[in-house]
Each structure stands twice: as structure tokens, then as C-alpha cells.
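Structure first, then comments.
The values are calculated or read from the model by the stated rules, or taken from the named source; none is laboratory data. Everything numeric in this text was worked out from a predicted model, so none of it was measured. Here Cβ is always computed from backbone atoms with ideal geometry, including for glycine, and neighbour counts include all displayed protein chains.
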Ligand SMILES: [Zn+2]
Ligand SMILES: [Zn+2]
């Protein structure tokens, strides 16, 4: 039996754009057949709902409450809830950070001022991982597409809230070209959206005992597959990027390279994708 996990989810307590509390999601994710979820609220430089003028320790405590409400309800319903966050750079590009916890955050106020390179190196050194979220998203609030080729462990190849399928097709090609593992997530902000969306996430053979198992699965490229809508990552060759693109290297420097060179690959993806399950097809 395969286990399905949500990797990208927001709560209204900590994310200004979310509408549902962490506790409200649990029964729906259970009904959809997920084995667990990772709460990834918008972090300090993203669309956080926690006032930035709070002292750091208070900010962290408040930030973690969105996750804690979900975890507490998860405990009541015997459902696993893990912690992560989503940080934003320059209002444009987003990164999912996994494997560090509240105690770690309390001791590291400098996390607020990280560059992408510092984020990657420090998270890695502390035993976590960094995944670039929806790298080819071109929604109206984004001024440029930033492709961080060297400061991530993996790429989110499919995101259920991307408006256009082409963003996911490009992200999948890009990840394959770079040889990076891929993840998928729903980027859920409200329970009612979860009911309509397909069950996006990652599939693994065994249940995660902790977030460390997820980090290992990412870093060892041991994710078995992703659950997405059929055709979601299909590449047609006419995908467009209408925004300026900044391709950055392992030192987080702009390279001036073209994004087109990063999606050319000869072989078609052999990565296993499964159709996202609807609410009616419960997973057994
Ligand atoms: Zn949001
Ligand atoms: Zn998100």
C-alpha cells in the first residue's frame, strides 16, 4: 500500500491569505485517503498573518500555532501532521523548508535575513531540506520568475493552485533537466478548495514516523511518485514564460542563462505519477 502525503498547506492562523484553521482540514484529508500532511504557512518574508513587529520569540510562537492547532486535532483523529514553512524572496519566489522545528527557530532569529544560499546551506546543515515551490508560476503578484538551480534539494513539479497546467509542465521538465527530485502539493488555503481539488501530494511506500523521514525521502530521491491530475505535467513545447526570468546558481548569483536551456531534455519523464484521487474514490 502506498501512503499519500500533503506537502504544501496553509492555515488561517499564520497565513494571511488562508481561510481555514489547521484543525478544520483534518477530517477532509483523512477522507481523501492521505496518510498525513505537512503544514507550510507563509513565513516571515511572505504573506504571514503574524505581525512582524513582535519580538522574535513571540513571533515564532504565534507562527507555530497554525501548525499546532492542526497537529492537536490530528492527534485526536489519529492523523499525522508535520511542520514546515514557506519562505518568499523579493516577493517573487517561494521555498518550502522542512525538517526544522519551533525550538530551532526560537534560537535562530537570523533566519529572517537569509539569502537563498544561506537558507539552503543552513537548513541543510541543520538536517532539513529546501524545495522550490511552483517555480514557473506566473500569477499577477509575481514580477519575475526566479529559478534557483543550486540552492534547493528538490522542485515542486505540480501545484494544484497553479492557474495554468503549463507551469507544472515546465517545472517537471526543469527538475528532470537539473536531475532534482520532484514533489507535488495542493498549496491548500481553504477546506472548500480541498473538496474541489484533486488529492495532490507525494506517494511513498511506508508511513513517515517524523518529518525527518520526509527529508530523507527528498534528499535520497526516494519519493515513489506524485499524485496529480492526469496530464497535469504533460509538456507540449509551446509553453510560455511571459515574465522576466532570473536563473541563479549555487551561490545565489544571477547567471544570465536562458530558462529555455533548462527545460530541454531528450527523454520523456519516467517518473511515476498517479491520478489524483477524488473524494469519491477513497484510498484503501
Ligand atoms: Zn498564500
Ligand atoms: Zn503556498
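With respect to the conditions (1) within 16 Å of ligand 1 (Cβ to nearest atom); (2) in a strand (DSSP E or B); (3) under 27 Å from residue 275 (Cα atoms); (4) without any contact (Cβ under 8 Å) to a residue 60 or more places away in the chain, residue 81 falls short on a single one, namely (1). Candidates in the range 51-62 are the residues that are touching a helix residue (DSSP H, G or I) at 6+ places or on another chain (Cβ under 8 Å) and under 18 Å from residue 97 (Cα atoms); of these, the one that is surrounded by the most Cβ atoms within 10 Å (Cβ to Cβ) is 60.
Output yes when any residue across the range 169-185 is within 16 Å of ligand 1 (Cβ to nearest atom), touching a residue at least 24 places away in the same chain (Cβ under 8 Å) and crowded, with 22+ Cβ neighbours inside 10 Å, and no when none is. Full working, then the answer.
First, pick out the residues of the range 169-185 that are within 16 Å of ligand 1 (Cβ to nearest atom): 185.
Checking which are touching a residue at least 24 places away in the same chain (Cβ under 8 Å) leaves us with 185.
Then drop every residue that is not crowded, with 22+ Cβ neighbours inside 10 Å, which leaves 185.
Yes, the range 169-185 has at least one match.
Please work out which residue is farthest from the chain's Cα centre (by Cα), limiting yourself to the range 35-49 and to residues that are more than 11 Å from ligand 2 (Cβ to nearest atom) and surrounded by fewer than 24 Cβ atoms within 10 Å (Cβ to Cβ). The extreme case among them is 49. If I go through the range 13-25 residue by residue, how many of them are free of Cβ contacts under 8 Å to residues at least 60 places away in the same chain and within 16 Å of ligand 1 (Cβ to nearest atom)? So the answer is 5.
What are the residues in the range 148-162 that are away from ligand 2 (no atom under 14 Å from the Cβ) and within 24 Å of residue 10 (Cα to Cα), if any? Don't jump to the end; show me each part of the working.
Restricting attention to the range 148-162, the residues satisfying the condition of being away from ligand 2 (no atom under 14 Å from the Cβ) are 148-155, 157.
Answer for the range 148-162, where residues must be away from ligand 2 (no atom under 14 Å from the Cβ) and within 24 Å of residue 10 (Cα to Cα): 148, 151, 152, 153, 154, 155, 157.
Among the residues of the range 230-262, those that are in contact with a helix residue (DSSP H, G or I) (Cβ under 8 Å, 6 or more places away or on another chain), farther than 18 Å from residue 131 by Cα and assigned to a loop (DSSP other than H, G, I, E, B) comprise 231, 232, 234, 235, 236, 239, 240, 241.
When each of 164, 168, 153 is tested for being in contact with a strand residue (DSSP E or B) (Cβ under 8 Å, 6 or more places away or on another chain) and more than 19 Å from residue 252 (Cβ to Cβ), the lone residue that passes is 168. Here 34, 28, 5 are screened, and the one residue that is over 26 Å from residue 109 (Cα atoms), away from ligand 1 (no atom under 16 Å from the Cβ) and part of a loop (DSSP other than H, G, I, E, B) is 34.
Filtering the range 186-229 to residues that are in contact with a strand residue (DSSP E or B) (Cβ under 8 Å, 6 or more places away or on another chain), assigned to a loop (DSSP other than H, G, I, E, B) and within 16 Å of ligand 1 (Cβ to nearest atom) leaves 186, 187, 189, 197, 200. Does residue 103 satisfy the criteria of being away from ligand 1 (no atom under 16 Å from the Cβ), crowded, with 16+ Cβ neighbours inside 10 Å and modelled with pLDDT of 95 or more? No, not satisfied.
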